[in-house]
Amino acid sequence: MPELPEVETICRGLHSRLAGRRILSVQVRERRLRCLVDRKLAESLEGKTILRVERIAKYILLSLRGDSVWMFHLGMSGKLVHIDPQTPKRKHDHILVRLDSGQELRYHDPRRFGLSLLVAANELYDLPQLKRLGLDPFDARFTGSYLHSFTKRSERRVRDLLLDQQIVAGIGNIYANEILARAGVRPTTRSWKLKRAKVEEIAATIPEVLNEAIRWCGTSFSDYRDADDKFGEFQNHLRVYDRGGEQCRLCTSPIKRVAIGNRSAFYCPSCQK
Ligand SMILES: [Zn+2]
């Protein structure tokens, strides 16, 4: 499932290719995504110019001239790729967009948990999906004291607290585990037990880890590809995630895998206390 670094990588790639481009035509081949795609989507988009491509949490926003925003969420297996129109169309290519550059934008999603929605720019933050989001980890207001205001009164395990999109938006299981590995904290620790200084350290580690992952163009395990349909490389730099039984890169102890809820957590029993 794409997390913040993957979505940011896609947005940067798409922005450089799509900004200033005009949409010639849109073909919706499958409307049944997480929400049904508007029957009038194609008609509303034709002729519109894309001004920029940005990210909010894990949402991709194409701002269009005329104050509307075309918003995507990739769900579990979505891909939004800028591609040569000669590339053969595949099954699950649900939305095809012809651009005045002669290139195409394709939305591909085998599991169809993704989202494609056109909204007026001034109604964007009224959407239920965006209204309840917590702070973006790159927001200046995201600080150690912000995070501490949640950890100090939470019984939840710290891995689960980091996954809560209403506290911090964009972190999924891969990065929650990697952040805690780098901060030296076990994912199973109850949040309220963390000292303030440790919470400050976790808060500072979050943007560091996400930035490092963005530099490696994200993590590709199965479905994720960037805007050019290429793999990310951060999977080669993971300290703990999906490395159960393998050696810690720092101390050679075997990495432990434990189930918390229905998602695994990973940690080094020597480096993480
Ligand atoms: Zn270790």
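The values are calculated or read from the model by the stated rules, or taken from the named source; none is laboratory data. Values in this document were obtained by computation on a predicted structure and should not be read as measured data. All Cβ positions, even for glycine, are placed from backbone atoms using ideal geometry, and neighbour counts span all protein chains on display. Accessible surface areas use protein heavy atoms only, side chains included; no ligands, DNA or RNA. Shrake-Rupley method; radii C 1.70, N 1.55, O 1.52, S 1.80 Å.
Couple of notes before you dig in:
- Conditions (1) closer than 23 Å to Leu62 by Cα; (2) charged (D, E, K, R); (3) in a loop (DSSP other than H, G, I, E, B); number of the one not met by Arg153: (1)
- Single residue of the range 46-79 satisfying the filter (buried (at least 22 other Cβ atoms within 10 Å of the Cβ) and not in a strand (DSSP E or B)) that is farthest from the chain's Cα centre (by Cα): Gly78
- For the range 168-179, the criterion of being among the charged types (D, E, K, R) and open to solvent by 60 Å² or more (accessible area, probe 1.4 Å) is met by none of the residues.
- In the condition set (1) open to solvent by 20 Å² or more (accessible area, probe 1.4 Å); (2) in contact with an Asp or Glu (Cβ under 9 Å, 6 or more places away or on another chain); (3) over 19 Å from Met1 (Cβ atoms); (4) not hydroxyl-bearing (Ser, Thr, Tyr), Val185 is compliant with all but (1).
- Residue among Cys217, Cys248 that alone is surrounded by fewer than 21 Cβ atoms within 10 Å (Cβ to Cβ) and not small (Gly, Ala, Ser): Cys248
- Within the range 229-273, tally of residues that are more than 16 Å from the ligand (Cβ to nearest atom) and closer than 13 Å to Arg186 by Cβ: 1
- Residue in the range 105-117 that is in contact (Cβ under 8 Å) with a residue 24 or more places away in the chain, open to solvent by less than 40 Å² (accessible area, probe 1.4 Å) and out of contact with any strand residue (DSSP E or B) (no Cβ under 8 Å at 6 or more places or on another chain) present: no
- Selection status of Leu147, in a helix (DSSP H, G or I), modelled with pLDDT under 95 and either surrounded by fewer than 17 Cβ atoms within 10 Å (Cβ to Cβ) or of a type outside the set (Asp, Glu) (or both): no
- When we screen Gly232, Gly245 for residues that are within 30 Å of Pro85 (Cβ to Cβ) and in a loop (DSSP other than H, G, I, E, B), the only hit is Gly232.
- Among the residues here, Asp229 qualifies as on the phi > 0 side of the Ramachandran plot and modelled with pLDDT under 95.
- Per the listing Gly244, Gly261, the residue uniquely farther than 30 Å from Glu104 by Cβ and modelled with pLDDT of 95 or more is Gly244.
- First in the range 3-30 and over 26 Å from Pro137 (Cβ atoms) and in a loop (DSSP other than H, G, I, E, B), second anywhere and open to solvent by 30 Å² or more (accessible area, probe 1.4 Å) and hydroxyl-bearing (Ser, Thr, Tyr), Cβ under 6 Å, 6 or more apart: Arg21/Ser101
- Residue check for Ala213: assigned to a helix (DSSP H, G or I) and among the small types (Gly, Ala, Ser): yes
- In the range 1-27, of all residues being in contact with a strand residue (DSSP E or B) (Cβ under 8 Å, 6 or more places away or on another chain) and over 20 Å from Ser101 (Cα atoms), the one that is most open to solvent (accessible area, probe 1.4 Å) corresponds to Glu8.
- In summary, Gly102 fulfils each of the numbered conditions (1) modelled with pLDDT under 95; (2) in a loop (DSSP other than H, G, I, E, B) with the single exception of condition (1).
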